[in-house]
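Since the structure comes first, as structure tokens, the remarks are kept for the end.
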Amino acid sequence: MNVRPMNPEESRETRGVARRCFGAFAMIFFDFGAHTLVCEEDGRILGGAALGRFSAGEREGGVVKWIFTAPDAQGRGVANQLLAAAMAWFDEEACTDVFACIEGYNTASSNRFFDAGFRPMGFRDQIARFGSHLPRVWLKSFHVIDVGHFLWVRTSDGETADASAGGASTATQLAGWSVTVVLNAVMLAMVTVRTGGPGSITAERALHLLVAVTLLFSVRIAAMLLTARVVKLPLRYRPWETGLLLSGLVGVLFGGIFLIPGSVYPRSLRWRYRELLPKLGPVAAMGAGELVSLGWVLWLLTRFVDPGVGWYGALATAAALTRVMLVFDVVLPVFPLVCYNGRRVLDWKPAIWALLAAASGALLVVSAMAR
């Protein structure tokens, strides 16, 4: 095998390999970047790495945009060789910070980058390190509207340690979860204004949104953390920082609802998804299952509680948002929603996912028919 820069006439073959790895939808966002490496053997492209380069104030940034290996060549060290060559190129370019955005459960990638010296950098440390240049860092590293992805960084000075990335304190995690709840409520208030006009959001309506989001997010995370204790899997909560930005864009531009709850991940930065799936699966199943139960209970309450009751507005709001959340968290376990619970359950026990999806679908149908 030989790792070298891609020749222009090899772009079509290289793109074809990337398509086999990422699928047609993801290829909408694919580009070759400023420099593209390929791993070639006997005239055949086995994999590639698309690299970017940019400046952010006094810092010189590099970004691993894409790194991929043909399915039939996996396990042969292709990606490791490509990453090593990429890091050599970044060193030649005098990059002080090299970035990669990695989905939280994609341990095949996160472990590879971990071994290469990358570490996840939390939002607070991103602000401290990049300051006013952080928007440019996000834009150039493609960490803008990615749901469930985290910014991994390798710095020339080794300043990547972040308390919020590894074993964060309970207070830090609670603060992150609380901010996530409030920002989701704010996004929903923006949707209300977008669809109903400025007069549609009142103090009472804002309170209903906050109560509803707090309820469904609390039920979900509590079920997951309690199950994690039962299966003896140390977990920590991590918010999806740029997912919140995507939620705001969807709300403002289209008036749509995109709930971004964040999720729980193993405390260790280096772990294997398949090895922990027997424990992650039950955690996700309980979180999704409690949401399904909550959805049915709230729907039944809205059928029997007098709409004139003062708290009916919060009840109806919570019932509607729980049904929306079930679409993300259970029904659609596909890209770009693979960071939600549905994908964990599907990977663990397809039959249990089918049962939860059926219960969720039935709720959506009966609630629509009852209108």
What FRET efficiency comes out for the pair Lys232/Asn106, r = Cβ-Cβ distance, R0 = 22 Å, nearest 0.05? 0.40
Estimated distance in nm for a label pair at Thr172 and Ser200, the labels positioned 7 Å out from Cα along Cα-to-Cβ: 4.0 nm
Which cross-chain or sequence-distant (5 or more) residues have an amide H under 5 Å from the amide H of Trp66, H modelled 1.01 Å from N in plane? Ala50
How far is helix 78-92 tilted, in degrees, relative to the longest principal axis of the Cα atoms in the chain, given as a value from 0 to 90 rounded to the nearest 10? 70 degrees
Rounded, prolate or oblate (a/c below 1.5 giving rounded, otherwise prolate when a/b exceeds b/c) for the stretch 2-155 by Cα gyration tensor: prolate
Positive end of the charge dipole of the chain (Lys, Arg +1 and Asp, Glu -1 on Cβ, about the Cα centre): tell me which of Val17, Phe150, Tyr312 has its Cα farthest that way. Tyr312
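Report the charge-dipole magnitude of the chain in Debye, nearest 20, computed about the Cα centre from +1 at each Lys and Arg Cβ and -1 at each Asp and Glu Cβ.
The calculated dipole for the chain is roughly 1040 debye.
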Report the extension gain between Ser55 and Leu332 in nm, rounded to one decimal, defined as 0.36 nm multiplied by the number of residues separating them, less their alpha carbon distance. 95.9 nm
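With the convex hull built on the Cα atoms of the stretch 170-369, state its orientation-averaged projected area in nm².
Details: hull surface 47.2 nm².
Hull-based average projected area comes out at 11.8 nm².
Going by average Cβ density within 10 Å per residue, which order do the peptides 259-267, 84-92 take, highest to lowest?
Per-residue Cβ counts within 10 Å, averaged per peptide and sorted highest first, yield 259-267, 84-92.
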Can you compute 3J(HN,Hα) from phi for each residue in the stretch 282-291, using the Karplus curve 6.51 cos²θ - 1.76 cosθ + 1.60 with θ = phi - 60°, rounded to whole Hz and x for Gly and Pro? x, 4, 5, 5, 5, x, 5, x, 5, 5
Angle in degrees between helix 241-254 and the longest Cα principal axis of the chain, rounded to the nearest 10: 60 degrees
Tilt of helix 350-369 relative to the longest C-alpha principal axis of the chain, in degrees (0 to 90, nearest 10)? 50 degrees
Highest mean first, what order results for 48-60, 292-304 on Cβ atoms within 10 Å? 48-60, 292-304
Candidates Asp97, Asp31, Asp306, ranked by Gaussian network fluctuation over the chain, Cα under 10 Å, top entry: Asp306
Candidates Gln173, Gln126, Gln74; GNM for the chain (alpha-carbon contacts under 10 Å) flags as most fluctuating Gln74
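Read-outs throughout are calculated quantities, based only on the coordinates presented, and are distinct from any laboratory measurement. None of these values were measured; they are calculated from a predicted model. Virtual Cβ from ideal backbone geometry, glycine too; neighbours counted across all protein chains shown.
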